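Let me begin by presenting the structure, written as structure tokens, before commenting on it.
The values are calculated or read from the model by the stated rules, or taken from the named source; none is laboratory data. Treat the numbers as computed from the prediction; the structure is a model and nothing was measured. All Cβ positions, glycine included, derive from the backbone under ideal geometry; neighbour counts span all protein chains shown. Calculation scope for accessible area: heavy atoms of the full protein, side chains included, ligands and nucleic acids excluded. Shrake-Rupley method; radii C 1.70, N 1.55, O 1.52, S 1.80 Å.
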Amino acid sequence: MAIRYSLCVTDDDFARASLFILDNRRDLHPAYDVLSTVSMLYQSIAEGHLVKAENEAGQLIGLSIYQLRKRMDEKGERTVAFAGIAAADRNYRGSRIFVGGLKYMTSTIKEKHPEAAEFELAAFSDNRYLCELYSKFARKVGTEEHELGEMSIYRATIDEIRTRMKAFDRL
């Protein structure tokens, strides 16, 4: 089964993405209600980039969101791509959709945002599955407080992530 990945660019894309996230909001975190989900979507559409995954029939089966952030460290201010939202239809969840989406996202960031050499992935710290998955591609660098709880932050360069994904090329 072929899965196609692309950025949301049209009003129809954003409408479909919004409905998908609203339908799957409890998978992001059990405490997400409609109002907090709509607020997160508004901010993501205004400030971020939505990556959709569609099956052969054109049905939306996954969505991830990344934003560009500024980070200060000993080397000065740097731009980092940050992905804090990822959801997949329960029938399609697994390594294949995740790795395909991560490949698409890192390629897109490298092409459209060359100033962002690093990539951060965030997952609620109590979500063992995502934390273990993210740790295969990036190192845990700390935590961040979110209104719904603590989030673990994983960071690597885009090139490091792309190198680690080569182990999954057979998927």
**Asked** Which of (1) out of contact with any helix residue (DSSP H, G or I) (no Cβ under 7 Å at 6 or more places or on another chain); (2) modelled with pLDDT under 95; (3) of a type outside the set (A, V, I, L, M); (4) surrounded by 13 or more Cβ atoms within 10 Å (Cβ to Cβ) is the odd one out, the single condition K140 does not satisfy?
**Response** (2)
**Pair list, Cβ under 7 Å, 6 or more apart: segment 21-45 residue farther than 11 Å from A87 by Cα, other residue at pLDDT 85 or above and not in a helix (DSSP H, G or I)** = S44/L50; S44/I65; S44/I85
**Asked** If we keep just the residues of segment 1-14 that are open to solvent by less than 50 Å² (accessible area, probe 1.4 Å) and part of a helix (DSSP H, G or I), which is nearest to H146 (Cα to Cα)?
**Response** F14
**Complete:** If we keep only residues of segment 161-170 that are of a type in the set (A, V, I, L, M) and surrounded by 15 or more Cβ atoms within 10 Å (Cβ to Cβ), then the residue modelled with the highest pLDDT is I161
**Request:** Kindly list, by first and then second residue, each pair from a residue in segment 1-19 that is under 17 Å from D89 (Cα atoms) to a residue that is surrounded by 13 or more Cβ atoms within 10 Å (Cβ to Cβ) and among the hydroxyl-bearing types (S, T, Y), limited to pairs with Cβ atoms under 9 Å and residues at least 6 apart or on different chains.
**Result:** M1/Y92; I3/Y92; Y5/Y104; Y5/T108; S6/Y104; D13/S6; A17/S44; S18/T37
**Item:** Sole residue being open to solvent by less than 50 Å² (accessible area, probe 1.4 Å), under 13 Å from L28 (Cα atoms) and either at pLDDT below 95 or under 14 Å from the mean Cα position of the chain (by Cα) (or both), chosen from L130, L121
**Value:** L130
**Counted residues, segment 143-160 - those being closer than 25 Å to S39 by Cβ and open to solvent by 50 Å² or more (accessible area, probe 1.4 Å)** = 6
**Request:** Check segment 67-88 and report whether any residue there is touching a residue at least 24 places away in the same chain (Cβ under 8 Å), closer than 24 Å to F119 by Cα, out of contact with any Phe, Trp or Tyr (no Cβ under 7 Å at 6 or more places or on another chain) and assigned to a loop (DSSP other than H, G, I, E, B).
**Result:** no
**Request:** Could you tell me whether R96 is free of Cβ contacts under 8 Å to residues at least 60 places away in the same chain, charged (D, E, K, R) and either in contact with a strand residue (DSSP E or B) (Cβ under 9 Å, 6 or more places away or on another chain) or assigned to a helix (DSSP H, G or I) (or both)?
**Result:** no
**Message:** Here is a list: L35, L63. Which entry is at negative phi, of a type outside the set (F, W, Y) and open to solvent by 60 Å² or more (accessible area, probe 1.4 Å)?
**Reply:** L35
